[in-house]
Amino acid sequence: MLLRPNIEPARQQQPMVLMYHSVAPDLQDPYRVTVSPRRFEQQMRWLDQRGLRGVSMSELLRAQRRKCDAGLVGLTFDDGYEDFIRHALPVLQRHGFGATVFVIAGRLGGVNTWDRLGPRKQLMTASQVRTVAAAGIEIGSHGLRHVSLNQTTDLALSREQRLSRQILQDITGSAISGFCYPYGHHSRRVVKGVQEAGYDYACATDASGLTGRYAMPRVYVGDSDGGARLRAKWLRHRLTSANARTVGTRESGLRRTA
């Protein structure tokens, strides 16, 4: 029997954004950043069957501004692995979904050397980034080198945020609107740098005191996430979003009467 969650077309203060990395048939992955192609297809079908549509971050935020984001789910892919082209893109196209891929501008054509235990995964080349962009997938920046930005100097931070954006704009011929913090690490200084670099939004991992348009939390999705776990994550997000909306309303009321 197919269990369906009660998903009403309601707007939420914090939109749901799913966080992926690699979609590949790797048997061993100590960092749990890989989802098998079969599981990924199941996950996209789960969304589709419930009237949910995967979209890029820019599309999601535009819809949110117009108050018509009900039923939309942000799909993001960190690091820019070339397996996105082979295993994820065809599935997205079959379902009519969009997505955002956050590319490491200084490691194009390289491998994920920051994951010491492997497995080694090939990153997209500049040509492949253009191919993905031409297919209608949003390209965002994941910095230059995949380093924790909290530990960088001001000069290095500026290069990670500004130069990476310029490189990707030159490759795609389009404006780069989004940034994604490597490891999810961010601080007030790092968030300010993203804003000053001209980005329209930025993605983090977990919620924090900086949560907002420039530190949007996301929901991790792994290979063990079948329908039941996706349902639980969806409902938990709905509850968290509703609580945040209630708190925000109450705090707004306190400010107005102060």
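The values are calculated or read from the model by the stated rules, or taken from the named source; none is laboratory data. As the structure is a computational prediction, the values presented were derived from the model and not from experiment. No Cβ is skipped: glycine too gets one built from the backbone with ideal geometry, and neighbour counts run over all protein chains shown. Accessible surface areas use protein heavy atoms only, side chains included; no ligands, DNA or RNA. Shrake-Rupley method; radii C 1.70, N 1.55, O 1.52, S 1.80 Å.
So between THR125 and GLU196, what do we pick up on full extension, going 0.36 nm a residue minus the alpha carbon distance?
22.8 nm
Can you pull the percent of the stretch 157-244's accessible area that's carbon plus sulfur, 1.4 Å probe, other chains left in place?
Result for the stretch 157-244: 51 percent of the exposed heavy-atom area is carbon or sulfur.
Over the stretch 30-118, with every protein chain in place, what whole percent of the accessible area is carbon and sulfur at 1.4 Å, could you tell me? Each step should come with its number before you reach the end.
On the way: 1670 of 3580 Å².
Exposed carbon and sulfur together represent 47 percent of the surface.
Bin by bin, in steps of 10 Å, what percent of the Cα pairs in the stretch 36-164 do you find, going until the bin that has the longest distance?
In order of increasing distance, the bins hold 12, 37, 34, 16, 1 percent.
Given Cα pairs under 8 Å that are at least 6 residues apart, what percent is the relative contact order of the stretch 26-78?
With pairs under 8 Å counted, the relative contact order is 31 percent.
List the residues, sorted by chain then number, that are 5 or more residues from PHE179 or on another chain and whose placed amide H is less than 5 Å from its amide H.
For PHE179, whose amide H was placed from the backbone, the distant partners under 5 Å are SER141, TYR201, ALA202, CYS203.
Sorted by average packing, counted as other Cβ atoms within 10 angstrom per residue and highest first, what order do 31-40, 136-145 take?
Details: 31-40: 17.7, 136-145: 23.0.
Order by mean packing, descending: 136-145, 31-40.
Which whole-number percent is the relative contact order of the stretch 23-166 (Cα, under 8 Å, 6+ apart)?
22 percent
Starting from the coordinates of the alpha-carbon atoms of the stretch 103-255, obtain the Kirkwood hydrodynamic radius over all distinct pairs and give the value in Å to one decimal. Write out the running numbers ahead of the final one.
On the way: mean 1/r = 0.0581 Å⁻¹.
Averaging 1/r across every pair of different Cα atoms and inverting gives 17.2 Å.
Over the stretch 121-171, what relative contact order in percent results from Cα pairs under 8 Å that are six or more residues apart?
Once normalised by length, the contact order is 43 percent.
If I take R0 = 35 Å and measure r between the Cβ atoms of HIS95 and LEU155 in this structure, what FRET efficiency does the formula 1/(1 + (r/R0)^6) give, to the nearest 0.05?
Approximately 0.20, to the nearest 0.05.
Assuming R0 = 22 Å, can you tell me the calculated FRET efficiency for the pair ARG38 and ALA135, based on Cβ-Cβ distance, to the nearest 0.05?
Rounded to the nearest 0.05, the efficiency is 0.50.
Give me a comma-separated list of calculated 3J(HN,Hα) values for the stretch 225-234, in order, Karplus coefficients 6.51, -1.76, 1.60 applied at θ = phi - 60°, integers in Hz, x for any Gly or Pro.
Running phi through 6.51 cos²θ - 1.76 cosθ + 1.60 with θ = phi - 60° gives 8, x, x, 5, 6, 5, 4, 4, 5, 4 Hz.
For the chain, what does the helix formula give at 222 nm: sum of -39500 (n - 2.57) over DSSP H segments with n ≥ 4, over the residue count, nearest 500 deg cm²/dmol?
-11000 deg cm²/dmol
If I model a spin label at LEU117 and ARG62 as a point 7 Å from the Cα along the Cα→Cβ vector, what separation in nanometres do I get?
4.1 nm
Roughly how many Å² is the accessible area per residue of the chain, as a whole number, for a 1.4 Å probe?
It amounts to 48 Å² per residue over the chain.
Arrange the peptides 122-130, 109-117 so that the one whose residues have, on average, the most other Cβ atoms within 10 Å appears first.
Listed from highest to lowest mean packing, they are 122-130, 109-117.
For the chain, take N as its residue count and report Rg(C-alpha) divided by 2.2 N^0.38 Å.
Taking the Cα Rg and dividing by 2.2 N^0.38 Å, one obtains 0.99.
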